1. Looking at residue 284 and the list (1) more than 19 Å from residue 45 (Cα to Cα); (2) surrounded by fewer than 16 Cβ atoms within 10 Å (Cβ to Cβ); (3) out of contact with any strand residue (DSSP E or B) (no Cβ under 9 Å at 6 or more places or on another chain), which single condition is not satisfied?
2. Which one of 149, 220, 191, 138 is surrounded by 17 or more Cβ atoms within 10 Å (Cβ to Cβ), within 16 Å of the ligand (Cβ to nearest atom) and at pLDDT below 95?
3. Filter segment 96-121 down to the residues that are farther than 19 Å from residue 9 by Cβ, more than 10 Å from the ligand (Cβ to nearest atom) and either surrounded by 15 or more Cβ atoms within 10 Å (Cβ to Cβ) or at pLDDT below 95 (or both) and list them by number.
4. Examine segment 263-278 for a residue that is closer than 16 Å to residue 14 by Cα and in a loop (DSSP other than H, G, I, E, B), and state whether such a residue exists.
5. Only one of these conditions is not met by residue 75: (1) surrounded by 22 or more Cβ atoms within 10 Å (Cβ to Cβ); (2) over 22 Å from residue 229 (Cα atoms); (3) within 14 Å of the ligand (Cβ to nearest atom). Which number is it?
6. For the list (1) outside any helix (DSSP H, G or I); (2) within 21 Å of the chain's Cα centre (by Cα); (3) modelled with pLDDT of 95 or more, I need the number of the one condition that residue 226 fails.
7. So for segment 78-89 (the condition being within 16 Å of the ligand (Cβ to nearest atom), buried (at least 18 other Cβ atoms within 10 Å of the Cβ) and modelled with pLDDT of 95 or more), does at least one residue qualify?
Ligand code: TUI
């Protein structure tokens, strides 16, 4: 089996989450330049915005990078063609089934790494020839599945014979080592990158992550089929109330979520914004340069120190 760093062409077996409105060209290039695998997170962006961001990354780094496609987006199909036109080498997907795009991407030589929230889903996609899987536990921020990283990763590792990337709840070398112990080939990180110098979000958002305690995240939308983990605030409580109404439309809620995410990201509005973050926010204590975050995860790993990785 090819190692993850061989598949990705990176120094570290660490990839960046596809955080909507946050994973811009700037963040992507900063992660790739620091030795990780950066990605543009398309979120709800249209194809022109994604094209512009891809061109920016090509200016900012000569290192490998990828594109994360949020499959609930109305622009997902157009972006699925754009990544081929732009010669993107690696696509990760989230929030849905990438099945209808697989053959097209594989024919174009694109490596496909979907996020999966369950074993059944992992097996189905592995059979279809995807190159690796991101196995994301419910500790993660944003749109999530139900199962914890600690239980899901080993079950997927046993069920497939492609590399598994563990995600959800990992913010330091201890989480990295735990992931490797569970059989993963690498990790995906998101929340800890929010508290980085290079992350292009409002400083209030970064400081809210640093201030977060273990119990500060909650999951909204569990009863609507689109569970999203955020930092508890006025907006999250409002959203929870709204979803108690059985007749509320899913599209309406998604618009509210992505719209209010922008309030948090750009305006630093910590009351009315949707502050997406994972449970690892409680572990994040300082705002640091991305190269320090990645180096401390990898170089402090016991597996790396022992020469096993
Ligand atoms: O996608 C994410 N995290 C996200 S996407 C996002 S933007 C958004 N905001 C509000 C509502 C919806 C989206 C913010 N954070 N992570 C990857 C991920 N994928 N987590 C869980 C899944 C997933 C869930 C169900 C993947 C596949 C899946 O399959 C469903 C099916 O039956 O196809």
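The values are calculated or read from the model by the stated rules, or taken from the named source; none is laboratory data. What you are looking at is a predicted structure, and each value in this text was computed from that prediction instead of being measured. Here the Cβ is made from the backbone with ideal geometry for all residues, glycine too, and neighbour counts use every protein chain on show.
1. Only one criterion in (1) more than 19 Å from residue 45 (Cα to Cα); (2) surrounded by fewer than 16 Cβ atoms within 10 Å (Cβ to Cβ); (3) out of contact with any strand residue (DSSP E or B) (no Cβ under 9 Å at 6 or more places or on another chain) is unmet by residue 284, namely (2).
2. Details: 149 fails: at pLDDT below 95; 191 fails: at pLDDT below 95; 138 fails: at pLDDT below 95.
Among 149, 220, 191, 138, only 220 is surrounded by 17 or more Cβ atoms within 10 Å (Cβ to Cβ), within 16 Å of the ligand (Cβ to nearest atom) and at pLDDT below 95.
3. 101, 102, 119
4. Step one: of segment 263-278, the residues closer than 16 Å to residue 14 by Cα are none.
No, segment 263-278 contains no residue that is closer than 16 Å to residue 14 by Cα and in a loop (DSSP other than H, G, I, E, B).
5. (1)
6. Evaluating residue 226 over (1) outside any helix (DSSP H, G or I); (2) within 21 Å of the chain's Cα centre (by Cα); (3) modelled with pLDDT of 95 or more leaves (3) as the failure.
7. We begin by selecting, within segment 78-89, every residue within 16 Å of the ligand (Cβ to nearest atom); these are 79-80.
Remaining after also requiring buried (at least 18 other Cβ atoms within 10 Å of the Cβ): 79-80.
Still in the list and also modelled with pLDDT of 95 or more: 79-80.
Within segment 78-89, one or more residues are within 16 Å of the ligand (Cβ to nearest atom), buried (at least 18 other Cβ atoms within 10 Å of the Cβ) and modelled with pLDDT of 95 or more.
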